Amino acid sequence: MRLFFALPLPPALATALAAHAASLAGEYGGRPVPAVNLHLTLLFLGDLAATDLPALLAAASQAAQAWPRLDLQFGPLAVWPHQRLLWAGLQPAVPKLAEFSAMLRSTVERAGFSVPEAGRPFVPHLTLVRKLTRLPEFLPPLQLPAWGATRFELLQSTRTASGAIYRPLGAWPAP
Ligand code: ATP
Ligand code: MG
């Protein structure tokens, strides 16, 4: 099972953001992320055995006790040229989100799981367009309302030719 922890978006905001993604893909080519797939990854786990799931869910529940309800605001759009990926960041920086991601990672590691690329810095981002055909030189910031990240989820990712399908396996609301 290919698994990751992420923050889902409120549906109305996902719809608005997906419309931006579609229009950016119209301008720069590539595949816009559909509303149902928009998310902010907290921690990528990679492939785990289904038998590991109960221990992982237990570790997540333990970490969830420190899950802070966060108000998040979209920041500038950016591109990772090598990945041909266009994403939206957060503004201002949200240290509590990075802290929670690190805490979730260490809780999961203490439960015996190894996290791929655990040393990589956490860059909160929402991928909007994949496989850009042209790289934009300037991107204006998105004008979208702030959103309350009230819960995080464990998602199973199944990758298909027409894009990934994510299935929630657990959800933890703010206490
Ligand atoms: P696809 O890979 O089919 O383009 P996807 O990237 O959405 O679709 P996954 O590769 O399963 O699907 O990734 C799920 C989430 O985990 C995405 O937010 C992705 O950016 C993130 N992710 C994937 N691989 C890593 C990794 N090695 N390190 C950190 N995050 C990752
Ligand atoms: Mg991927």
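Overview of results
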read-out: Residue in segment 35-48 that is loosely packed, with under 14 Cβ neighbours inside 10 Å, away from ligand 1 (no atom under 16 Å from the Cβ), at pLDDT 95 or above and of a type outside the set (Gly, Ala, Ser) present; value: no
read-out: All strands (runs of 3 or more DSSP E) inside segment 65-175 with 1 or more residues being more than 16 Å from ligand 1 (Cβ to nearest atom); value: 70-72, 74-80, 147-149, 151-160, 163-173
read-out: Residue identified as more than 16 Å from ligand 2 (Cβ to nearest atom) and touching a Leu at 6+ places or on another chain (Cβ under 9 Å) among Ala12, Ala25; value: Ala25
read-out: Test: residue in segment 18-27 that is in contact with a His (Cβ under 7 Å, 6 or more places away or on another chain) and either under 25 Å from Ile165 (Cβ atoms) or at pLDDT 95 or above (or both); value: no
read-out: Failed condition for Leu155, given (1) under 19 Å from Leu77 (Cβ atoms); (2) out of contact with any helix residue (DSSP H, G or I) (no Cβ under 7 Å at 6 or more places or on another chain); value: (1)
read-out: Unmet requirement for Leu85, which otherwise passes all of (1) away from ligand 2 (no atom under 16 Å from the Cβ); (2) among the hydrophobic types (A, V, I, L, M, F, W, C); (3) free of Cβ contacts under 8 Å to residues at least 60 places away in the same chain; value: (1)
read-out: Test for Ala19: is it in a helix (DSSP H, G or I) and farther than 23 Å from Leu169 by Cβ; value: yes
read-out: Residue identified as away from ligand 2 (no atom under 16 Å from the Cβ), surrounded by 14 or more Cβ atoms within 10 Å (Cβ to Cβ) and under 21 Å from Pro68 (Cβ atoms) among Leu126, Leu104; value: Leu104
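Table: residues versus (1) without any contact (Cβ under 8 Å) to a residue 60 or more places away in the chain; (2) surrounded by fewer than 10 Cβ atoms within 10 Å (Cβ to Cβ); (3) on the phi > 0 side of the Ramachandran plot.
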| site | (1), (2), (3) |
| --- | --- |
| Val115 | no, no, no |
| Pro121 | yes, yes, no |
| Thr133 | no, no, no |
| Pro136 | no, no, no |
| Pro140 | no, yes, no |
| Gln143 | yes, yes, no |
| Glu153 | no, no, no |
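The values are calculated or read from the model by the stated rules, or taken from the named source; none is laboratory data. Because the structure is predicted, anything quoted here is derived from the model rather than measured. Positions of Cβ are generated from backbone atoms using ideal geometry, with glycine treated the same way; all protein chains shown enter the neighbour counts.
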